[in-house]
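Heads up, the thing below is written out as structure tokens.
The values are calculated or read from the model by the stated rules, or taken from the named source; none is laboratory data. Being a predicted model, the structure only gives us computed values, none of them experimental. Backbone-built Cβ (ideal geometry, glycine too); neighbour counts: all protein chains shown. Protein only, heavy atoms only, side chains kept; ligands, DNA and RNA dropped before computing areas. Shrake-Rupley method; radii C 1.70, N 1.55, O 1.52, S 1.80 Å.
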Amino acid sequence: MKLSEIYKSNDKLIFSFEVFPPKNGNTENLFEELAKMNEQKPALVSVTYGAGGSNRNLSLEIVKELKNHLKQPVMPHFTCVCSSKEYIEKYIEEIENLGITNILALRGDEPQDIEVCYRDFKSALDLIEYLKKHSELEFAVAAYPEKHPKAKTFDDDIDVLYKKQNLGAKVAYTQVFFDNECFYKFYDLCRKKSIKIPIIPGIMPITSFNQLKRIVELSGTKINSKVLAYFEKYKDSKEDTIKAGIEFASLQCEKLVDFGAKGMHFYTLNKAQSSVKVIKNIT
Ligand code: FAD
């Protein structure tokens, strides 16, 4: 099903899961977890892609498994940074030949260890223009409720999202956030600037205190000191942290539903349990 059809529905919440190619290349556990996610009948499962194509083959292997064996609707991510036009052409052709209809179109962060970095596509907008002209794929895009770390101003960032919409993006998935107020403000600002596409909040149920600290450092997302203290309390017990993460994310999602969110995009970290539990709690 195409993105435009998936997000047309107003009857029920629309859930999607994000997974990534495991660093050790072992997909066995991931496929088991994907089978568990499948029981929730997600609208989409998205598969990340290493900027510069670092995990290209593994990402594609997972996309194929999802499509052909698990029969799940799949949306590959694709980044254009440092890739040549020829490379991008071939990849998009390969994706379309697999019968894929949707893609998450991204710029990506420039990899540190790349030998040759092509400058054919400088931003997600370049990739989107290409997709529009040369493919039948529908595309989703990234959005940043707390501003992209490199954007000069919030307005610049929102202008970019507006351009993405006008070039045909069907939906935007946000960067993970833990403070709903950021999302509410961002959403209202987008609507004021005539961004009308669905903006789907990115939710990550916390499973480890160290992981939470790492995410806050890497993405620059705000976290209330009370929330940090709440998770710190459980840091020595994996089981209690997972429970607390489910509770926190469930409450966060309930409030987002009250606000009017159309659905949620779960950063699953390749584990089904927490995201599935959150969905059960809020439906
Ligand atoms: P763009 O839309 O091109 O830029 C994002 C924003 O950054 C713009 O709004 C603009 O305001 C600002 N900006 C960018 N560059 C500059 C600059 N040089 N100067 C000033 N402002 C600038 N990364 C991966 O590698 N693989 C993935 O699979 C992946 N999946 C993601 C999924 C989601 C839902 C999200 C939110 C992010 C994901 N990312 C992924 C991270 C993403 O690639 C980075 O955030 C990247 O830096 C920006 O990509 P973009 O597509 O948003 O870029």
By residue number, the members of segment 123-181 that are within 7 Å of the ligand (Cβ to nearest atom), closer than 19 Å to LYS8 by Cα and in contact with a Gly (Cβ under 8 Å, 6 or more places away or on another chain) are TYR173, THR174
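Can you list the strands (runs of 3 or more DSSP E) lying wholly within segment 1-117 that have 2 or more residues being closer than 22 Å to LYS164 by Cα and among the β-branched types (Val, Ile, Thr)?
Values: elements: 14-19, 44-47, 74-79, 102-106.
Ranges flagged: 44-47, 74-79.
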Note on segment 103-122: residues open to solvent by less than 40 Å² (accessible area, probe 1.4 Å) and within 13 Å of the ligand (Cβ to nearest atom) are ILE103, LEU104, ALA105, LEU106, GLY108, PRO111, PHE121
Scan (1) near the ligand (Cβ under 8 Å from one of its atoms); (2) more than 17 Å from the chain's Cα centre (by Cα); (3) of a type outside the set (Gly, Ala, Ser); (4) modelled with pLDDT of 95 or more for the single condition ILE95 breaks and write down its number. (1)
Got a sec? Which of TYR234, TYR230, TYR187 is surrounded by 18 or more Cβ atoms within 10 Å (Cβ to Cβ), more than 12 Å from the ligand (Cβ to nearest atom) and without any contact (Cβ under 8 Å) to a residue 40 or more places away in the chain? TYR234
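Specify which of the listed residues (LEU44, LEU34, LEU3) is in contact with a Lys or Arg (Cβ under 6 Å, 6 or more places away or on another chain) and surrounded by 20 or more Cβ atoms within 10 Å (Cβ to Cβ).
Numbers: LEU44 fails: in contact with a Lys or Arg (Cβ under 6 Å, 6 or more places away or on another chain); LEU34 fails: in contact with a Lys or Arg (Cβ under 6 Å, 6 or more places away or on another chain).
Within the list LEU44, LEU34, LEU3, the selection yields LEU3.
Select, from ASP157, ASP126, the only residue that is surrounded by 15 or more Cβ atoms within 10 Å (Cβ to Cβ), in a helix (DSSP H, G or I), without any contact (Cβ under 8 Å) to a residue 24 or more places away in the chain and among the charged types (D, E, K, R).
Numbers: ASP126 fails: without any contact (Cβ under 8 Å) to a residue 24 or more places away in the chain.
Just a single option satisfies the conditions, and that option is ASP157.
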Examine segment 191-210 for a residue that is touching a residue at least 40 places away in the same chain (Cβ under 8 Å) and either open to solvent by 40 Å² or more (accessible area, probe 1.4 Å) or part of a helix (DSSP H, G or I) (or both), and state whether such a residue exists. no
